[in-house]
Amino acid sequence: NYLECPWRYFFLNLLRLPRPQSRAQLYGTAIHAALKACFTRVSEGEPVTKEYIVKTFETALRGEPLTDADFGVLLKRGTEALGG
């Protein structure tokens, strides 16, 4: 960051101002929430279906600040990833 802009380095690296999450980070957060809910349910002895995991992922993804286009792309990617 310093070579690009010393002020950017100052604010991002030294002051550590918060930055918005990237699309990949938001996707990862939603995947993590779905898997956590799945493992919690399994540890309680309840059955887990593919539909439950995908629905939990979709609910978590809806809670993230995404555009409609990004939501559609990430929903499709997550459904394919969790469907296996």
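The values are calculated or read from the model by the stated rules, or taken from the named source; none is laboratory data. What you are looking at is a predicted structure, and each value in this text was computed from that prediction instead of being measured. So basically every Cβ, Gly included, is an ideal-geometry build from the backbone, and we count neighbours across all protein chains shown. Note: accessible area is taken over every heavy atom of the protein model, side chains too, but ligands, DNA and RNA are not part of it. Shrake-Rupley method; radii C 1.70, N 1.55, O 1.52, S 1.80 Å.
Can you give me the Kirkwood hydrodynamic radius for the chain, using every pair of distinct Cα atoms, in Å to one decimal?
Hydrodynamic radius (Kirkwood, Cα pairs) of the chain is 14.7 Å.
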(message) Explain nothing, just compute: Karplus ³J(HN,Hα) = 6.51 cos²θ - 1.76 cosθ + 1.60, θ = phi - 60°, for every residue of region 34-43 in order, whole Hz, x for Gly and Pro.
(response) 5, 5, 4, 4, 5, 5, 5, 5, 5, 5
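For a quick check of your reading of the filter: which GluC sites (Glu not before Pro) in region 1-64 sit in a DSSP loop and have no more than 10 other Cβ atoms within 10 Å?
Counting only loop positions with at most 10 other Cβ atoms within 10 Å, the GluC sites (Glu not before Pro) in region 1-64 are GLU4, GLU44.
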(request) Give the ranking of PHE11, PHE39, PHE71, PHE57 by solvent-accessible surface, highest area first, calculated with a 1.4 Å probe. (result) PHE39, PHE11, PHE71, PHE57
(request) Taking all protein chains together and a probe of 1.4 Å, list SER22, SER43 from the most accessible to the least accessible. (result) SER43, SER22
(message) Can you tell me, using C-alpha contacts under 8 Å and at least 6 residues apart, the relative contact order of the chain as a whole percent?
(response) 27
(request) May I ask you to evaluate 6.51 cos²θ - 1.76 cosθ + 1.60, the Karplus curve with θ = phi - 60°, for each residue of region 44-53 and list the ³J(HN,Hα) values in order in whole Hz, giving x for glycine and proline? (result) 8, x, 8, x, 10, 10, 4, 4, 5, 5
(message) Through the Karplus equation 6.51 cos²θ - 1.76 cosθ + 1.60, θ set to phi - 60°, convert the phi angles of region 76-84 into ³J(HN,Hα) values in whole Hz; use x for Gly and Pro.
(response) 5, 5, x, 5, 5, 5, 7, x, x
(message) Going by amide H atoms built from the backbone, whose H comes under 5 Å of the H on GLU64, apart from near neighbours?
(response) none
(request) Using only the Cα atoms of region 1-41, construct the convex hull and provide its projected area averaged over every direction, in square nanometres to one decimal. (result) 3.9
